[in-house]
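Working notes, beginning with the structure itself.
FYI, it's all coordinate maths here, none of it is from the lab. The model shown is predicted, which means the values in this text are computed figures rather than measured ones. Quick reminder, even Gly has a Cβ in these numbers, built from the backbone with ideal geometry, and neighbours come from all protein chains shown.
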Amino acid sequence: MTPKKFDYYSPTSLGEAIQLLGTKEEAKVMAGGQSLLALMKLRLASPKSIVDITKLEGLSYIKEEKGYLAIGALTIHDMIELSPVIKEKYTLLTDAASKIGDQQIRNRGTIGGSACHADPAADLPTALLAADASFVAKGLKGERVISSKDFFVDIFTTALEHDEVLTEIRLPTFPSHTASGYIKHSRREGDFAITSCGVVLTTDGGSTCKDVRIALGSIASTPLRFTNAENFLKGKKLDDKTIIEASNLKPEGADPPSDMHGSKEYRMEMIKVFTKRSLKLALGRVR
Ligand SMILES: Cc1cc2nc3c(=O)[nH]c(=O)nc-3n(C[C@H](O)[C@H](O)[C@H](O)COP(=O)(O)OP(=O)(O)OC[C@H]3O[C@@H](n4cnc5c(N)ncnc54)[C@H](O)[C@@H]3O)c2cc1C
């Protein structure tokens, strides 16, 4: 199928893009177009106006700032995968970006587009929730910073207003003795996740868990924090028994779909396996 007719705009400044979003009828941002165009071709989305933001300068970068790492919204998945600073300090994002689709998708798709598309089966949103990322949005009313807890509202829905452009994603500087990991379970390389798990783990320098954030993908309408497992692990020695006990807890709010990729029951079982593996991956890295 081909998309319905739409007006196409290609602004060269962020201010112009925001004005267009605020004034044009049913306007939608387009970044890499990898998700949006597929929806338009299937006529699951039919915006009347497309505001292509790929000509905006200065939205593709990875920069260390005081207290956080700043990633521009137009940074493509391939840049995330290959960034040395991300690999060293936020390894779960390297894990997640490297598992997205194929090389062509990673060359076009952007971190901002993946976050704004808010597919609970996508890789970066789950990793960003585990990393406690925050999201910088600019719109007609100015700039605001949205926490990952508030950003992902529902399936394919974020907290962004229709006139807002996501400009930057911020990752807090992790304390010492912190490491992270993300593992995706899919039938074939490059498929969307049947389930996935991202972990950011801080130890006391030995094997005791000082802090941990666990996020699960494809298990609810948004990426989901596994808070009861996090609370169970804090202050405990991280041996096999403790990790298995934590992984076997039932995540609060989990309500995975049953579809051709796996039943609800299968996903609930797999989340135990992948939480355990992700915790062990992060623990191995912190050591
Ligand atoms: C064949 C195929 C396989 C894929 N496999 C995977 C996979 O395994 N894992 C995975 O996670 N993803 C996968 N994807 C999705 C891919 O990661 C997309 O690149 C990503 O979801 C969207 O990024 P984009 O830049 O193309 O956004 P677009 O498609 O341009 O936009 C997506 C949505 O976000 C909005 N948007 C985009 N940027 C902004 C912004 N800066 N501010 C406000 N709104 C914005 C758009 O309006 C639209 O609603 C796959 C896609 C394809 C086509």
Would you mind putting 83-89, 223-229 in packing order, based on average other-beta-carbon counts within 10 Å, highest first? 223-229, 83-89
Chain lengthening between D52 and D240 when straightened (0.36 nm per residue, less Cα-Cα): 62.8 nm
What helices in the chain pass both tests, a Cα length along the helix axis of 24 Å or more and a mean Kyte hydropathy of -1.0 or higher, using whole DSSP H runs? 264-286
Pull up the cross-link candidates among the lysines for K4, meaning alpha carbon to alpha carbon under 16 Å and not fewer than 8 places away within one chain. K28, K41, K48
Output ³J(HN,Hα) for segment 28-38: one whole-Hz value per residue in order, computed from phi by the Karplus curve 6.51 cos²θ - 1.76 cosθ + 1.60 with θ = phi - 60°, and x for Gly and Pro. 9, 6, 10, 9, x, x, 5, 9, 4, 5, 5
Additional length obtainable on full extension of the chain from S263 to D204, 0.36 nm per residue less Cα span: 17.4 nm
Highest-first arrangement of 190-199, 61-70, where packing means the average Cβ count within 10 Å: 190-199, 61-70
The extension gain from T227 to N248, computed as 0.36 nm times the residue separation minus the Cα-Cα distance, is 6.3 nm
Roughly how many Å is it from the Cα centre of segment 218-267 to that of segment 35-63, as a whole number? 33
Run the helix sum for the chain: -39,500 (n - 2.57) per DSSP H stretch of 4+ residues, divided by residue count, reported at 222 nm to the nearest 500 deg cm²/dmol. -9500 deg cm²/dmol
